[in-house]
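Trainee: Just dropping this structure here.
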Amino acid sequence: MISVGLTHILILSTCLFFIGMYGFFTRRNLITLLMSVELMLNSVNINFAAFNKYLFPEKLDGIFFNVFIITIAAAEAAVAIAIIINLYRSHNSIDVEDAGEMKY
Amino acid sequence: MDASTILFYTIAAYILVTGVLAVTTRKIFRSAIWLLFSLIGIAALYFWMDLPFIAAVQIVVYVGGIVVLIIFSIFLTQKSGDQMPKPILGRTLPSALASFFGFVFTINLIWHHGFIENKGILFDPTVDSIGMQLLNTGEGGYILPFEVVSMLLLAAMVGCIVIAMKVKKEETI
């Protein structure tokens, strides 16, 4: 049994990213799509922290990128939820199949 | 196998199981709660990696902020007890295959890359050193992105209010 290192954490974050991708492809509700995107962003965050800790311990750049990604994810979630609520007002549904006016 | 290894595998299994449940359960409110558990597991992983500051930010922003926002929007737009329709096989099968092959491809890349871990230097992610370097104006300082992000947050806040604001009837064109 090899000791837990960078490779293990990268495999964990890869698993989480593709779980999020599966959810993004199968779900048809805008809020659950947003949740899948959050899972994918979190897996990328784990990667930044792990690369910083194990490959470049003398710097802190991965930590800063981590903090900025969390901030931008918060802003993105807030804007997405505002758009979802607006869509619900005009269409009475937040299913992606019901919002197809700009499809073709 | 020492305690740290056992702890890592426990946290990893917890994150993955709750993540899978969050994307597959058919009740939307349960999905949000499973996402909450998964995010707490990721915060635990940051604690395991000796990054208490990032773990605290994760708990405050994700668990305390984004998940609560998602639950609010579920209550505003859905009947949370209802089950969502089951996804059709013609959609789940291709997406499962795409995820699986992408997963295998990435794992293959990671496995054969052979990262050389840098063990000699001490990693110092204390709040003290993070704060000193984040707000530093000199070499390697991050003060400019910090200010840009604060402007972005302000713009996002104004944008959210404008998008979600109710327009009065006589003002609509």
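Coordinate-derived values only; no laboratory data. The structure displayed is predicted, hence computed values, not measured ones. All Cβ positions, even for glycine, are placed from backbone atoms using ideal geometry, and neighbour counts span all protein chains on display.
Trainee: Which whole number gives the average count of other chain Cβ atoms within 10 Å of the Cβ atoms across peptide B:31-39?
Mentor: That works out to 3 on average.
Trainee: Within 10 Å of each residue's Cβ, count the other Cβ atoms and sort B:THR137, B:THR10 from fewest upward.
Mentor: B:THR137, B:THR10
Trainee: If you don't mind, another one. Helices from chain B with mean Kyte-Doolittle at least -0.5 and a Cα length along the axis of 27 Å or more, per DSSP H: which?
Mentor: B:3-24, B:28-48, B:89-113, B:143-164
Trainee: While we're here: Helix A:30-54 sits at what angle to the longest principal axis of chain A, using alpha carbons and giving 0 to 90 degrees rounded to 10?
Mentor: Helix A:30-54 and the main axis of chain A meet at about 10 degrees.
Trainee: Sticking with this one: By how many degrees, between 0 and 90 and to the nearest 10, does the Cα long axis of helix A:61-91 differ from the longest principal axis of chain A?
Mentor: 10
Trainee: Rounded to a whole number of µm²/s, how large is the Stokes-Einstein D of the protein assembly as shown at 4 °C and 1.567 mPa s, given Rh as the Kirkwood radius over C-alpha pairs?
Mentor: For these conditions, the coefficient is 64 µm²/s.
Trainee: I've got another one for you. Taking every residue in B:70-77, how many Cβ atoms of other protein chains lie within 10 Å of its Cβ, on average?
Mentor: Mean number of neighbouring Cβ atoms from other chains: 6.
Trainee: Okay, next question. By the scheme Lys and Arg +1, Asp and Glu -1, what is the net charge of all other residues having a beta-carbon under 12 Å from that of B:PHE123?
Mentor: -1
Trainee: Along its principal axes, what span do the Cα atoms of region B:126-173 show, with the longest given first and each in whole Å?
Mentor: Rounded to whole Å, the extents work out to 55, 19, 8 Å.
Trainee: Ranking B:MET49, B:MET157, A:MET35 by Cβ neighbours within 10 Å, fewest first, what do you get?
Mentor: So the ranking, lowest neighbour count to highest, is B:MET157, B:MET49, A:MET35.
Trainee: Now for a different question. So if I take the centroid of the Cα atoms in region A:17-84 and the same for region B:124-173, what is the distance between those two points in Å?
Mentor: Using only Cα atoms to place each centre, the spacing works out to 17 Å.
Trainee: Excluding residues on the same chain fewer than 8 positions from B:LYS166, give the lysines whose Cα lies under 30 Å from its Cα.
Mentor: A:LYS103, B:LYS27, B:LYS79
Trainee: Please order B:TYR62, B:TYR142, A:TYR104 by the number of other Cβ within 10 Å, starting at the fewest.
Mentor: By the 10 Å Cβ count, ascending: A:TYR104, B:TYR142, B:TYR62.
Trainee: Under the definition of partner shielding as Cβ atoms of other protein chains within 10 Å of a residue Cβ, what is the mean value for peptide A:3-10?
Mentor: Mean shielding by partner chains, rounded to a whole number: 6.
Trainee: If you count, for each residue, the other Cβ atoms within 10 Å and average over each peptide, how do B:88-94, A:4-10, B:36-42 line up from highest to lowest?
Mentor: For the peptides B:88-94, A:4-10, B:36-42, the packing ranking is B:36-42, A:4-10, B:88-94.
Trainee: Net charge near B:LEU134: determine it from the other residues with C-beta under 13 Å of the C-beta of B:LEU134, scoring Lys and Arg +1 and Asp and Glu -1.
Mentor: -2
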